[in-house]
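A.B. asks: Next up is a structure, given as structure tokens.
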Amino acid sequence: MSDVVDQILAQWRRERPDVDVWPMGVVGRITRLSRLLDRELKEFFAGHGLERWEFDVLATLRRSGPPYELTAGALNRAAMVTSGAVTNRIDRLAARGLVERLPDEEDRRSVRVRLTDQGRAMVDEIVGPHVANEVRLLAGLAPEERERLTGLLRGLLESLGDTSADEDTSERHASR
């Protein structure tokens, strides 16, 4: 069975047989998969009245544990976006009543972002269906294939310098 990426690779091999284009097969498929998954997740969250990034922020706060709060800096690192983008995201979620800003009692220069009861209820309502949707998206893989793919992707991410998010969530515990 071949896919569009196989066709692209065949064209390159025909046109430039002197170039080993195997990396295009991996990167091309990851890129195409990312686009497809983004589209599916965007559609899912839209059905729940959320943007994907909104769920990401709310879920990051929810899984941080009580009191479901992090500094804006920790959210920034978790989201891997600019500080201005995180500020904008927090503003939008606060306007919807899903998060609130609180002064950091230990560092007056810092602001903590806390999940409101409404935000927590929203995450708790959506997380189950979200996981079920992801199960649907991965249904084409057998359990052993999922495990193998998970390990391969983890290794690739680590080789490219992806860092652990442990420091983001441990920050809250260290400051309390």
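The values are calculated or read from the model by the stated rules, or taken from the named source; none is laboratory data. Just so it is clear, the structure is predicted and the values come from calculations on it, not from any experiment. Here the Cβ positions follow ideal geometry from the backbone for every residue, glycine too, while neighbour counts run over all protein chains shown. Keep in mind that these areas ignore ligands, DNA and RNA; they rest on the heavy atoms of the full protein, side chains included. Shrake-Rupley method; radii C 1.70, N 1.55, O 1.52, S 1.80 Å.
A.B. asks: Tally time: how many residues in region 48-89 are among the aliphatic types (A, V, I, L, M), in a helix (DSSP H, G or I) and touching a residue at least 12 places away in the same chain (Cβ under 8 Å)?
C.D. replies: So in region 48-89, the residues among the aliphatic types (A, V, I, L, M) come out as 50, 57-59, 61, 70, 72, 74-75, 78-81, 85-86.
Keeping just the survivors that are in a helix (DSSP H, G or I) gives 57-59, 61, 72, 74-75, 78-79, 85-86.
If we keep only those that are touching a residue at least 12 places away in the same chain (Cβ under 8 Å) as well, we get 57-59, 61, 72, 74-75, 78-79, 86.
Number of matching residues: 10.
A.B. asks: Right, next: Determine whether GLY25 is free of Cβ contacts under 8 Å to residues at least 24 places away in the same chain and either among the polar types (S, T, N, Q) or open to solvent by less than 60 Å² (accessible area, probe 1.4 Å) (or both).
C.D. replies: So GLY25 fits the description; yes.
A.B. asks: Looking only at residues in region 103-120 that are of a type in the set (Asp, Glu) and open to solvent by 100 Å² or more (accessible area, probe 1.4 Å), which one is nearest to ARG92 (Cα to Cα)?
C.D. replies: Let us first name the residues in region 103-120 that are of a type in the set (Asp, Glu), namely 104-107, 117.
From the residues that got through so far, the ones that are open to solvent by 100 Å² or more (accessible area, probe 1.4 Å) too are 105-106, 117.
Numbers: GLU105: 24, GLU106: 26, ASP117: 16 Å.
Ranking the qualifying residues of region 103-120, first place goes to ASP117.
A.B. asks: Would you confirm whether any residue within region 22-33 is assigned to a helix (DSSP H, G or I), of a type in the set (Gly, Ala, Ser) and in contact with a Leu (Cβ under 6 Å, 6 or more places away or on another chain)?
C.D. replies: The first filter runs over region 22-33 and keeps only residues assigned to a helix (DSSP H, G or I), leaving 22-33.
Restricting the remaining residues to those that are of a type in the set (Gly, Ala, Ser) gives 25, 28.
Adding the requirement that they be in contact with a Leu (Cβ under 6 Å, 6 or more places away or on another chain) leaves 25.
Looking through region 22-33, at least one residue is assigned to a helix (DSSP H, G or I), of a type in the set (Gly, Ala, Ser) and in contact with a Leu (Cβ under 6 Å, 6 or more places away or on another chain).
A.B. asks: Within region 90-100, identify whether any single residue is closer than 14 Å to GLY73 by Cα and part of a helix (DSSP H, G or I), and answer yes or no.
C.D. replies: To start, the set of residues in region 90-100 that are closer than 14 Å to GLY73 by Cα comprises 90.
Remaining after also requiring part of a helix (DSSP H, G or I): 90.
Checked region 90-100: at least one residue is closer than 14 Å to GLY73 by Cα and part of a helix (DSSP H, G or I).
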